[in-house]
Amino acid sequence: MNKTLPPFIELYSKLIAIPSISATDPALDQSNETLIHLLAEWFTTLGFNVEVQPVPGTRHKFNLLASLGEGPGGLLLSGHSDTVPFDDGQWTRDPFTLTEQDNKLYGLGSADMKGFFAFILDALRDIDKKQFTKPLYILATADEETSMAGARYFTTTSHLKPDCAIIGEPTSLQPVRAHKGHIANAIRITGQSGHSSDPSRGINAIELMHEAIGHLMTLRDGLKERYHHDAFAIPYPTMNFGHIHGGDAPNRICACCELHLDIRPLPGLTLNDLDELVNQALTPLSRVWPGRVAIEHLHEAIPGYECSADDPLIQVVEKLVGTKAEVVNYCTEAPFIQQMCPTLVLGPGSIEQAHQPDEFLATSFIQPTRHLLTQVIQHFCIKK
């Protein structure tokens, strides 16, 4: 047993105490460098080789890869090092102080998901790492809560080929093997302003957008008819019109109208296919009004993800936890990690706590999580 690693609650507290907020607003966005270097120190203490990887295109963000053992295969345990911003007026306690009360550990990132690294470190204390016959990798990524830039960059630059990976998002220790993706687009119509008393002297962007929405609704109905996945509660891709704005006065012909829409693709429906379908849906309008219809991604899209129910990783974990793997609607880094190896999402805490004021992890997860991580590491890294 390594005596120099801090106790579990101290590990947890120090992780929560370091702000590592990811936000699209530069005023809120923070570097995760301090947190990454703390993790690097702890994993080095346990005998891991540690690599800190700058992530391009971010505001001073880093990934960490800690490796123990050599050779092919092995296990990758992955999590993100960032949190969402917090609403200061809605928290009833300091979000950066781990507070234990009523069998709950409160703090920003306690469930989603900086606490997962404390669980990994704690489980590794009592595992005889000299018995490893396959490597163990620990990955901490940057900017999952915004662009997923850390996971995207790691999987495109790494040559690792583990046997499998587990991402410790808060799933209440229920294995998750699939989820939908997420696309957010802006449809922008450029018209021509003019006085409302003579409609012929302008091009009304709101009217063109009305036509565009009709085409998109036809596409939405087509997606529902053409694509189906019985494992999901909503077994088809969804499309939501979430925001629209256009015009500035009732007596002025609208010169610009913008619609923001959200699409949740099923696993197997590629992002390129969806882009093409959206473009095709709006082609009739673009032909009549060339140069006036633009489509932009509000953020880089996330594909759907699925790990086969027959994969050995799924079967092993299902046996360990005693429940079947589920499918969910929220997104994770799994579609990117899955490019490297079969991937499962499984971790302590409830997704209901993610992004909420007074976020917490119930202390009832502590012993089961430690036990499960010990079993998983022993199964995939210590062959008897």
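Just one of the numbered conditions (1) out of contact with any Ser or Thr (no Cβ under 8 Å at 6 or more places or on another chain); (2) at pLDDT 95 or above; (3) in a helix (DSSP H, G or I) is not true of residue 352: (2). Is it the case that region 169-185 has a residue that's open to solvent by 10 Å² or more (accessible area, probe 1.4 Å), in contact with a Lys or Arg (Cβ under 8 Å, 6 or more places away or on another chain) and assigned to a strand (DSSP E or B)? Yes, some residue in region 169-185 is open to solvent by 10 Å² or more (accessible area, probe 1.4 Å), in contact with a Lys or Arg (Cβ under 8 Å, 6 or more places away or on another chain) and assigned to a strand (DSSP E or B). Candidates are the residues of region 352-384 that are in contact (Cβ under 8 Å) with a residue 60 or more places away in the chain and basic (Lys, Arg); the one that is most open to solvent (accessible area, probe 1.4 Å) is 383. Residues of region 113-131 that are out of contact with any Ser or Thr (no Cβ under 7 Å at 6 or more places or on another chain), assigned to a loop (DSSP other than H, G, I, E, B) and crowded, with 20+ Cβ neighbours inside 10 Å: 113 alone.
For region 274-300, name all the residues that are closer than 18 Å to residue 331 by Cβ and open to solvent by 40 Å² or more (accessible area, probe 1.4 Å). Result: 275, 297, 298, 299, 300. Checking each residue of region 125-139 against the condition of being in contact (Cβ under 8 Å) with a residue 40 or more places away in the chain, more than 16 Å from residue 354 (Cα to Cα) and within 15 Å of the chain's Cα centre (by Cα) gives at least one match.
Comparison of 316, 327 shows that the only residue that is in a helix (DSSP H, G or I) and either in contact with a His (Cβ under 8 Å, 6 or more places away or on another chain) or at pLDDT below 95 (or both) is 316. Within the set 97, 83, the sole residue that is surrounded by fewer than 18 Cβ atoms within 10 Å (Cβ to Cβ) and closer than 22 Å to residue 362 by Cα turns out to be 97. All of (1) touching a residue at least 60 places away in the same chain (Cβ under 8 Å); (2) in a helix (DSSP H, G or I); (3) among the aliphatic types (A, V, I, L, M) hold for residue 206 with one exception: (1). Within region 326-351, the set of residues being small (Gly, Ala, Ser) and open to solvent by 20 Å² or more (accessible area, probe 1.4 Å) comprises just one member, 350.
Among residues that are out of contact with any Phe, Trp or Tyr (no Cβ under 8 Å at 6 or more places or on another chain), touching a residue at least 60 places away in the same chain (Cβ under 8 Å) and not aromatic (Phe, Trp, Tyr), residue 285 is included. When you look at residue 232, is it of a type in the set (Phe, Trp, Tyr), touching a residue at least 24 places away in the same chain (Cβ under 8 Å) and outside any loop (DSSP other than H, G, I, E, B), yes or no? Taking the combined requirement at face value, the residue does not satisfy it.
Within region 21-35, residues that are of a type outside the set (A, V, I, L, M) and at pLDDT below 95 reach partners that are assigned to a loop (DSSP other than H, G, I, E, B) and open to solvent by less than 80 Å² (accessible area, probe 1.4 Å) with beta carbons closer than 9 Å, at six or more positions or on different chains, in the pairs 24/146; 24/147; 24/299; 25/85. Tallying residues that are closer than 26 Å to residue 229 by Cα, in a loop (DSSP other than H, G, I, E, B) and open to solvent by 70 Å² or more (accessible area, probe 1.4 Å) within region 241-273 yields 1.
The values are calculated or read from the model by the stated rules, or taken from the named source; none is laboratory data. Remember, it's a predicted structure, so these values are computed and weren't measured experimentally. Because the Cβ atoms are built from the backbone with ideal geometry, glycine has one as well, and the counts that use them run over all protein chains shown. The area values use the complete protein model at the heavy-atom level, side chains included, leaving out ligands, DNA and RNA. Shrake-Rupley method; radii C 1.70, N 1.55, O 1.52, S 1.80 Å.
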